[in-house]
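Please read the structure below before turning to the comments.
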Amino acid sequence: MDNVLVIGAGFMGGGIAQVVAQGGYTVYLQDINPESLERTMAQIRWSTDKLASKGKIKDSAKTVQDRINVVKDLSIAPKCQWVIEVVFEDEKMKKDLFKELDATCPVETILASNTSSIPITRLASLTKHPERVAGMHFFGPVPMMRLVEVIKGEKTSDAVFKKSVDFINSIGQYPVKVMKDIPGFIMNRVSGVAFREALSLVENGIATVEDVDKGMHYGFNWNIGPFEIADNAGIDTYVRVGRSFAALGAGDIVAASPLMEKMLKAGRLGRKVGKGFYDYTPDGKQVPFDVTKL
Ligand SMILES: NC(=O)c1ccc[n+]([C@@H]2O[C@H](COP(=O)([O-])OP(=O)(O)OC[C@H]3O[C@@H](n4cnc5c(N)ncnc54)[C@H](O)[C@@H]3O)[C@@H](O)[C@H]2O)c1
């Protein structure tokens, strides 16, 4: 089986490493922050133990866990057939990383990004081989969500695009093909508009966070509401994505919002820190919190 390097071991990188290992691949997981790696490996152990005990993965939890190797730097990259970049939503950081990977990896290695908003063509712009760069946009929490948008940059070759779709199928996820490389691709354009409106309703005192979430759940069959999704994804990540949309001239999709900036300042970063649009008890129970008082 191929080797897959996942760069960035946060909320998304950890989940991606897990599903790729569940698919039978050997995974290398790298992060600049050792604490992220430690926290994420503990999360992967917890999640694979739980999924295995319910018979939801085909190999034992230990087999899957043993396929994931923590690495301190990117020196393994030239030995990998796939590299998936999952670092912060920061265009310069991602571009520099692709430039470095392009210089060190054999031309057969496929370089993919999990960016939420940035066109792949821009991320590949400093590489000599943009034809091997594609988008693989997973949804979180990755072990629970099956969708992956596969994005064709302007210079991505047909062969690399097809291989990327096949790769996503091979790990049991559902690929959706994005044939034109626009900011936000498909799903974040749709959900971004819904979130912008949800935020505006709360900021203007028209509805509470709980009522908007309840409404989308009972009225439109969403599993969880837009604010619950934001708390799971991380308010810091949402703000970075919002700023990125604005920088790309697509700021009408996700509004830069004073409330989100206030939440960031107050450290209300979502479920991972026990407070976001809701408060969370140590056993994970969700408790209403009035964000308009911030
Ligand atoms: N959170 C979501 O729901 C979601 C969904 C889809 C896509 N994304 C995208 O995935 C990417 C990561 O998001 P996340 O939610 O996992 O963020 P996160 O903050 O949880 O994790 C990012 C990780 O990247 C690490 N990192 C930063 N710079 C690095 C570098 N140069 N080299 C190696 N590691 C580095 C950080 O230490 C951190 O552990 C972003 O591009 C984001 O837009 C997020």
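Taking label points 7 Å from Cα along the Cα-to-Cβ direction, Thr63 and Lys79 give a separation of 2.3 nm.
In the context of the full set of protein chains, the range 188-286 has a per residue accessible area of 52 Å² (1.4 Å probe). In this Cβ point-charge picture (+1 for Lys and Arg, -1 for Asp and Glu), the range 188-286 has a dipole of about 340 debye about its Cα centre.
The stretch between Val190 and Ala246, if pulled fully straight at 0.36 nm per residue, gains 18.6 nm over its current Cα-Cα span.
P(r) for the range 65-131, please, calculated from all Cα pair distances in 5 Å bins and given in %. Final binned percentages: 3, 17, 29, 25, 15, 8, 2, 0.
Rg then Dmax, both in Å and based on the Cα atoms of the range 3-178: 15.0, 46. Distance between the modelled labels on Thr281 and Lys177, one decimal in nanometres: 4.9 nm (7 Å Cα→Cβ projection). Peptides 286-293, 221-228 ordered by packing proxy, namely the average of other Cβ atoms within 10 Å per residue, highest first: 221-228, 286-293. Note on the range 188-286: with neighbouring protein chains present and a 1.4 Å probe, carbon and sulfur make up 55 percent of its accessible heavy-atom surface.
Considering all different alpha carbon pairs of the chain, the Kirkwood hydrodynamic radius works out to 19.7 Å. The residues of the range 3-178 have, on average, 45 Å² of accessible surface per residue, using a 1.4 Å probe with all protein chains present. Straight-distance candidates among the aspartates and glutamates for linking to Lys62, with alpha-carbon spacing under 15 Å and chain neighbours fewer than 8 residues away dropped: Asp49. For a paramagnetic label modelled at 7 Å from the Cα of Asp2 toward its Cβ, which residues of the range 98-138 fall within the zone defined by backbone nitrogen distances under 15 Å? The answer is 105-114, 131-137, whose backbone nitrogens lie closer than 15 Å to the label point. Can you list the lysines whose alpha carbon is less than 24 Å from that of Lys293, not counting same-chain residues fewer than 8 positions off? Partners within reach: Lys214, Lys262, Lys265, Lys272, Lys275, Lys285. Computed over protein heavy atoms with a 1.4 angstrom probe, the accessible surface ordering of Trp46, Trp82, largest first, is Trp46, Trp82.
The values are calculated or read from the model by the stated rules, or taken from the named source; none is laboratory data. Note that the structure is a prediction, hence the values are computed from the model and not measured. Glycine gets a Cβ as well: all are built from the backbone with ideal geometry, and neighbour counts include every protein chain shown. Accessible surface areas use protein heavy atoms only, side chains included; no ligands, DNA or RNA. Shrake-Rupley method; radii C 1.70, N 1.55, O 1.52, S 1.80 Å.
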